[in-house]
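One structure is given here, and the rest of the page talks about it.
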Amino acid sequence: MLDYHLELTTSWRGYDGETCWVHARAGAIPGGNIGNPHPQPLVVMTMQKLWLGGSDVFYGLASLWTEDLGRTWTAPQSEPVFARQCVEGNLELTVCDFTPRWHAASRILLGTGHTVYYRDNRMVPIRRRATAYSVFDPVLRRWKPWKELIMPNRPEFANAGAGSTQRWDLSNGEILLPIYFKRPEDQIARATVVRCQFDGQTLTYIEHGDELTINVPRGFSEPSLVKFGITTL
């Protein structure tokens, strides 16, 4: 039986009437690892500002962390690698819907999310999308430049990402990463689980499972994955 209790605390505040912090998610680096020699975990939380004047209008990712199990947190610091990039003209690119999690096999804190394009601070409706991922540097306390997961060259994977999803890591280090995808011009999304390799720096597609959808306006989106039972995978 687990012995624990829940306590509500506030890590940071930031609502100003025009923006607010969203997508606050945390990953833990266990004690005794590079960048965290202490016995307690180093917990890294990522979040980003949302502009309330539009729909899903996000700004660059920020990080904060705690070394005392949430009793105190650092102030959020912006992550330069996640700042919006000017692609051309008034078209901008960034990463959103990010989720960090410890990858035990490589002893790396790995975060996954997806890309998003804005024009004049509005989300581009028909756009390409990719799963974005980044590795956390525990010594510098910074996220490294993000990369895109390369998917098979199929039209339905032109808009495919792991936004707001939670993965499961296998004991051999392979990653089961839920994503959702569609052709850019389609409305109904499908969901699947991608099996990936991760060498500590690069996430590589191996294969994907069943493609699931439902005939409702958005289809399936933002899927997550959990393991049930105690069977060894």
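The values are calculated or read from the model by the stated rules, or taken from the named source; none is laboratory data. The structure displayed is predicted, hence computed values, not measured ones. Note: ideal-geometry Cβ built from the backbone for every residue, glycine included; neighbour counts use all protein chains shown.
Could you tell me whether Lys182 is closer than 15 Å to Arg127 by Cα and among the basic types (Lys, Arg)?
The answer is yes for Lys182.
Counting just the residues of the stretch 86-116 that are free of Cβ contacts under 8 Å to residues at least 40 places away in the same chain and closer than 22 Å to Leu203 by Cα, which one comes out surrounded by the fewest Cβ atoms within 10 Å (Cβ to Cβ)?
Filtering first and then ranking leaves Leu93.
Tell me which of these Gly113 doesn't satisfy, since it passes every other one: (1) part of a strand (DSSP E or B); (2) of a type in the set (Gly, Ala, Ser); (3) at pLDDT below 95.
In the conditions (1) part of a strand (DSSP E or B); (2) of a type in the set (Gly, Ala, Ser); (3) at pLDDT below 95, Gly113 misses (3) alone.
Are any of the residues in the stretch 9-32 of a type outside the set (Ser, Thr, Tyr), without any contact (Cβ under 8 Å) to a residue 60 or more places away in the chain and in contact with a His (Cβ under 9 Å, 6 or more places away or on another chain)?
For the stretch 9-32, residues of a type outside the set (Ser, Thr, Tyr), without any contact (Cβ under 8 Å) to a residue 60 or more places away in the chain and in contact with a His (Cβ under 9 Å, 6 or more places away or on another chain): present.
Search the stretch 175-184 for residues being out of contact with any Leu (no Cβ under 9 Å at 6 or more places or on another chain) and either part of a loop (DSSP other than H, G, I, E, B) or not basic (Lys, Arg) (or both), and hand back the single one that is surrounded by the most Cβ atoms within 10 Å (Cβ to Cβ). Full working, then the answer.
Applying the first criterion (out of contact with any Leu (no Cβ under 9 Å at 6 or more places or on another chain)) to the stretch 175-184 yields 180-184.
Now restrict to residues that are either part of a loop (DSSP other than H, G, I, E, B) or not basic (Lys, Arg) (or both): 180-181, 183-184.
On the way: Tyr180: 25, Phe181: 27, Arg183: 15, Pro184: 14.
The extreme case among them is Phe181.
Quick one: is Ile126 over 17 Å from the mean Cα position of the chain (by Cα) and either modelled with pLDDT of 95 or more or assigned to a loop (DSSP other than H, G, I, E, B) (or both)? Even if it seems obvious, please write down each step before you answer.
On the way: over 17 Å from the mean Cα position of the chain (by Cα): yes; either modelled with pLDDT of 95 or more or assigned to a loop (DSSP other than H, G, I, E, B) (or both): yes.
In short, yes.
Please go through the stretch 50-107 and give me each residue that is in contact with a Cys (Cβ under 7 Å, 6 or more places away or on another chain) and either at pLDDT below 95 or farther than 21 Å from Lys147 by Cβ (or both), ordered by number.
Leu50, Leu52
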